[in-house]
Amino acid sequence: MPYLYNTPEDQQAMLQAIGAKSIEELFAPIPNELRLARPLDIPPALSEMELDRHLHQLAAKNAHAGEKVCFLGGGSYDHFVPAVVDTVASRSEFYTSYTPYQAEASQGNLQVVFEYQSLITRLTGMDVSNASLYDGASAAAEAVLMAISATRRQGKVVVPASLHPEYRATIATYLENLDVKLVTLETSTGVVDAAQLAEMVDDTTAAVVVQQPNFFGCVEDAPGISQVAKDDGALLISVFDPISLGILARPGDYGANIAVAEGHTLGTPMSYGGPYLGIMACDQKLVRRMPGRIAGQTVDRRGNRCFVLTLQTREQHIRREKATSNVCTNQGLFALRATVFLSQLGPQGLRETASLCLHKSRYAAEQICQSERFSPAFDQPTFKEFVIRDAENNVDELMKTALDQGFQAGVPLGQWYPELPDCFLVAVTEKRTKEEIDGLVQSLMTAVKAKQGTAITSPR
């Protein structure tokens, strides 16, 4: 964005337009004690070369996934992004386009949205997909609002503790001013206990949310949870990992009514946590309660294939009281990246990617737990993430030791789960090699040996 200098003449024109004689008159309502009575304390201007050097020095303080071997997870993953994704997404027709309103949308953008929706419905086994939301957390919250509206139940929404804690926080924020109770089911075994869930769900429950695989990386009994929800007429919201659907059952296959996901794993880099892509798909009967936009295929008056926005539920398009949401958007560029990514992988490629994640994570977990200091926190099947318990309860030291040796070893769980201060979450994607996994294990063993050496040499 260019910098446009305001000349004194420009300032006078603006003051005249708002009816003020001077800038001081404009600021007069601000109390003196709230004003800064000195010049701003900023360094002198830099030349372009000096500024370039300064910015590179600042950037060097960050250790990104390209510099360290990344085993971080918890919602952001170091998956491989084919070069063709960047090539297509960098085309100016896509890269510079804004949210496509009907009057402004090009046929190219509308076709991308249509193809994206088609791929997402095939991926999830659901009837219809929208043109995306901000991210996985906001998609989950919007799904909860959909369920409340569809069931007309104002009682409660049940979420397990194994749902991503930031997703739970986002849902709680959305429900803050609604007369709906958010109930959290404890998951001490790492997964949902269907019997305990059945005791919490009743005829006032609007929705049950399940993450598959869950935040701990464990695979849930999704069909069993689905049955519990349906027995009392509640809707099932599935928060899924798109890559996992290469080998796990699709949300539509186990009866989910709404399926949402964080879609950055489909062709978007980690990017320091965003911006990302919120995926949402649902049953046909819920389509008019879905936020966002839906593109459809039709023919023009000459009989040519063309694309249109067939459903728009924002307040810009319909009466405010009829709008389903006022914060959703079409993350068009990221939907495009997901479309290219899925098109390139295809069903077989997705299956192979998921299988690599499964087998490599299993190998990593087995190797880490060769040490008596480490053990699996949960005795459950996992996909690409798993939780390790540190018998010495010094996770921060472990992470620092590994980082010093070039490994982003995992995510400490104590920040979200006070009952798990001795645990950390490890994610292993298809990008990790055997050598990198062995290197991670060796870096953790370094901390173990250092601890043992201290114990031997320290005075009693």
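The values are calculated or read from the model by the stated rules, or taken from the named source; none is laboratory data. Just so it is clear, the model here is predicted, and its values are computed rather than measured. Neighbour counts are summed over all protein chains in view; Cβ atoms, including those assigned to glycine, are modelled from backbone coordinates with ideal geometry.
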Which condition breaks for Leu119 when tested against (1) at pLDDT below 95; (2) out of contact with any Phe, Trp or Tyr (no Cβ under 7 Å at 6 or more places or on another chain)? (1)
How many residues does the stretch 120-152 contain that are in contact with a Gly (Cβ under 8 Å, 6 or more places away or on another chain) and within 18 Å of Val201 (Cα to Cα)? 1
Between a first residue in the stretch 247-259 that is of a type in the set (Lys, Arg) and a second residue that is in a loop (DSSP other than H, G, I, E, B) and crowded, with 21+ Cβ neighbours inside 10 Å, which pairs have beta carbons less than 7 Å apart while being 6 or more apart in sequence or on different chains? none
Going through (1) buried (at least 20 other Cβ atoms within 10 Å of the Cβ); (2) at pLDDT 90 or above; (3) not aromatic (Phe, Trp, Tyr) one by one, Asp283 fails only at (1)
Only one of Val128, Val85 is in contact (Cβ under 8 Å) with a residue 24 or more places away in the chain, in contact with a Phe, Trp or Tyr (Cβ under 6 Å, 6 or more places away or on another chain) and more than 27 Å from Gly410 (Cα to Cα), namely Val85
If you take the residues of the stretch 373-393 that are out of contact with any helix residue (DSSP H, G or I) (no Cβ under 8 Å at 6 or more places or on another chain) and in contact (Cβ under 8 Å) with a residue 40 or more places away in the chain, which of them is surrounded by the fewest Cβ atoms within 10 Å (Cβ to Cβ)? Asp379
If a residue has to be more than 21 Å from Gly190 (Cα to Cα) and part of a strand (DSSP E or B) to count, how many in the stretch 221-259 make the cut? 3
Please enumerate the residues belonging to the stretch 14-30 that are among the acidic types (Asp, Glu) and surrounded by 10 or more Cβ atoms within 10 Å (Cβ to Cβ). Glu25
If you check Ala234 against the conditions, is it more than 25 Å from Gln117 (Cα to Cα), in contact (Cβ under 8 Å) with a residue 60 or more places away in the chain and outside the structural domain of Thr382 (by TED's automatic domain parsing)? yes
Are any residues in the stretch 391-414 more than 19 Å from Lys61 (Cα to Cα), over 27 Å from the mean Cα position of the chain (by Cα) and not in a loop (DSSP other than H, G, I, E, B), and if so, which ones? Glu397
Out of Leu277, Leu309, I need the residue that is at pLDDT below 95, in contact with a Lys or Arg (Cβ under 7 Å, 6 or more places away or on another chain) and assigned by TED's automatic domain parsing to the domain that holds Gly255. Which one? Leu309
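Any residue in the stretch 95-110 that is outside the structural domain of Ala402 (by TED's automatic domain parsing) and either at pLDDT 90 or above or within 30 Å of Val201 (Cβ to Cβ) (or both)?
Step one: list which residues in the stretch 95-110 are outside the structural domain of Ala402 (by TED's automatic domain parsing), which gives 95-110.
Still in the list and also either at pLDDT 90 or above or within 30 Å of Val201 (Cβ to Cβ) (or both): none.
No, there is no match, as no residue in the stretch 95-110 is outside the structural domain of Ala402 (by TED's automatic domain parsing) and either at pLDDT 90 or above or within 30 Å of Val201 (Cβ to Cβ) (or both).
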Just a yes or no: is a residue in the stretch 420-433 assigned to a loop (DSSP other than H, G, I, E, B), loosely packed, with under 14 Cβ neighbours inside 10 Å and not assigned by TED's automatic domain parsing to the domain that holds Gly267? yes
